[in-house]
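Rule-based calculations on the coordinates, nothing more; no lab input. The shown structure was predicted, so the numbers you read here are calculated from the model rather than taken from an experiment. Note: ideal-geometry Cβ built from the backbone for every residue, glycine included; neighbour counts use all protein chains shown.
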Amino acid sequence: MTFIIEFNNFVFCMTGRYVKYSRRLPQTPWLVHGKYRTETSVQELICLPLLTYTRAESLKFLSSGREDVDVRMLAPGRPFAVELVNPKITRITQHQLGCLHEEIVKKTNKIQITNELKILAKTNLKILKQGEISKSKSYRALCICRKEDLNLFFINKLQTMKQFKIIQNTPVRVLHRRTLSPRERTIYEIRGRLAYPHELNSFYQLIKGISKRYVFIVIDLKTQAGTYIKEFVHGDFGRTYPNLCYLLHTEIDLIALDVTNISVKWP
């Protein structure tokens with residue numbers, strides 16, 4: 001985590017990486033018709049201690065992409081920045097930065113900040129936007145498919161799919177906030193295997209009634225940033241093509257998703 005101090009227009013820019021362990025935590029406050037859908041958010045957990053300490057007038061939370069509320073963001077974490085406008089406190093020692101960092105990480109077990117505070121030039125913030133599309137991201141998906149379809153072709157195909165393009169129309173689930181348009185994305189690499197028993201423990205209530213005709217598989221993907229992974233897995237009614245269902249000649253659905261790496265040098 002980093003502080004960029006710009007005295008000319010009284011802006012603090014704090015940057016770093018966060019890890020999110022909860023599958024019930026949105027990145028930013030989630031309001032529907034003026035009512036909060038969740039108790040808090042990544043933004044609030046990180047920003048409120050900083051806002052309180054610096055007594056800034058307002059803030060802006062920026063990040064290199066975003067994960068869905070039910071998706072974990074694992075180490076090394078997602079790059080982010082917080083701009084604190086017109087703070088009353090404009091001198092911060094290294095010890096005070098350490099105390100702020102400690103306050104954030106001890107406040108909750110839902111998120112953590114993975115690096116220490118330091119100072120950078122504000123020009124580095126452009127890396128966040130560049131990373132949204134130009135960089136690669138890695139994911140781990142827990143999926144379900146029919147047991148009879150888990151054959152040698154299926155396994156071999158998973159290990160050999162590399163460097164191919166897909167076209168994704170705006171997913172149904174985000175049509176209310178995104179422009180309807182097709183986007184080309186690159187899938188760099190895919191690997192797959194059967195899920196280990198311990199990987200299913202936390203999903204017991206969700207999967208306990210599922211027929212033994214189905215099996216659970218873990219799929220690791222490296223893709224171009226901006227790829228909709230959930231839709232690449234199940235196809236989104238054909239709006240993503242090709243998708244895993246098409247490529248593997250079977251029906252596949254996603255149980256859980258983790259972001260495992262964002263390849264942005266940050267901060």
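Summary table
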item: Separation of the Leu31 and Phe153 label points, Cα + 7 Å toward Cβ, nm; result: 5.2
item: Computed magnitude of the charge dipole of the chain (debye, nearest 20; Cβ of K, R +1, Cβ of D, E -1); result: 140
item: With eigenvalues of the C-alpha gyration tensor scaled by 5 and rooted, segment 189-267, Å; result: 24, 19, 11
item: Residues with amide H under 5 Å from that of Ala256, placed H, sequence gap 5 or more; result: Leu142
item: Quarter of Cα convex hull surface for segment 141-237, i.e. mean projection, nm²; result: 7.6
item: All Cα pairs of segment 71-114, percent lying beyond 15 Å; result: 60
item: nm² value of the averaged projected area, convex hull over the Cα atoms of the chain; result: 15.7
item: Which listed pairs, of Lys35/Lys222; Lys106/Lys208; Lys147/Lys222; Lys35/Lys137; Lys35/Lys230, have C-alpha distances above 30 Å, in listed order; result: Lys35/Lys222; Lys106/Lys208; Lys35/Lys137
item: All-pairs Cα distance distribution in segment 14-55, expressed in whole percent, bin size 5 Å; result: 5, 20, 26, 23, 16, 9, 1
item: Reach of Lys126 by Cα under 19 Å, taken over aspartates and glutamates that are not fewer than 8 positions away in the same chain; result: Glu6, Glu83
item: Estimated FRET transfer efficiency (Gln163, Leu194; beta-carbon r; R0 25 Å; 0.05); result: 0.50
item: For segment 2-130, the fraction of alpha-carbon pairs in successive 5 Å shells from zero, as %; result: 2, 10, 21, 24, 21, 13, 6, 2, 0
item: Convex hull projection area averaged over all views, segment 73-159, Cα basis, nm²; result: 9.6
item: Distance between modelled label sites at Ser134 and His176, nm, 7 Å Cα→Cβ extension; result: 3.4
item: Cleavage-rule hits, GluC sites (Glu not before Pro), segment 54-110, DSSP coil, Cβ neighbours within 10 Å at most 16; result: Glu57
item: Tyr214 paired with Ser263, simple spin-label distance in nm, labels 7 Å along Cα-to-beta-carbon; result: 3.3
item: Cα gyration tensor shape of segment 33-97, rounded if a/c is under 1.5, else prolate or oblate by comparing a/b with b/c; result: oblate
